[in-house]
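So the structure is just underneath, and the comments pick up after that.
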Amino acid sequence: MKILVMSDSHKTADTVLEVVSFEKPDYILHLGDHEYDCNATRAEFPDIPLRTVRGNCDGFSKALDIDEFVLENKRFVMTHGHLFGVKLSTSRIISFAESKEADILLYGHTHNAHIDTWQKMQILNPGSIGYGFNRTYAIIEINNGTMACEIRRHLS
């Protein structure tokens, strides 16, 4: 399974749609900021499942602040990150994901891409697909129980 992970698109739906078209994922996860881009993605790619959480710029969104789910026998915890103060430290969000026995923690908000491992848990921030010179996103591949994460840069 190929999972596209994005965050902080900030009303750059054209970029989001371009990345989805290029990557051809089986599943899309958007970590918040901005729901508008998720609506455009659902309209353009209705056959690709898309999950999202509410970011600090998503105002009246009805999306969850935190989403916990299982894909391919891997337990995911995803959130935008602002409610955990991730710009200052990731200790609170890591402790929370540990308490949920997550295999992978996904968060955004910082606009800085980051991959790490804490004990057996993967930690992934795809960065910002919508801002800056290094507009980034992530791909998670899960095959036969093995998970690999990679940060990619949008080049156009």
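The values are calculated or read from the model by the stated rules, or taken from the named source; none is laboratory data. Please read these numbers as outputs of a predicted model, since none were measured by experiment. For neighbour counting, all protein chains shown are included, and Cβ atoms are generated from backbone atoms with ideal geometry for every residue, glycine included.
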Sole miss for TYR36 among (1) without any contact (Cβ under 8 Å) to a residue 60 or more places away in the chain; (2) over 12 Å from the mean Cα position of the chain (by Cα); (3) assigned to a loop (DSSP other than H, G, I, E, B) is condition (3)
Taking the stretch 132-152 and keeping residues under 13 Å from the mean Cα position of the chain (by Cα), closer than 20 Å to HIS109 by Cβ and charged (D, E, K, R) leaves ARG152
Q.
Looking at the stretch 5-21, can you tell me whether even one residue there is at pLDDT 95 or above, closer than 18 Å to ILE140 by Cβ, among the acidic types (Asp, Glu) and out of contact with any Asp or Glu (no Cβ under 8 Å at 6 or more places or on another chain)?
A. no
Scanning the stretch 69-98 for residues that are of a type in the set (D, E, K, R) and touching a His at 6+ places or on another chain (Cβ under 9 Å) gives LYS87
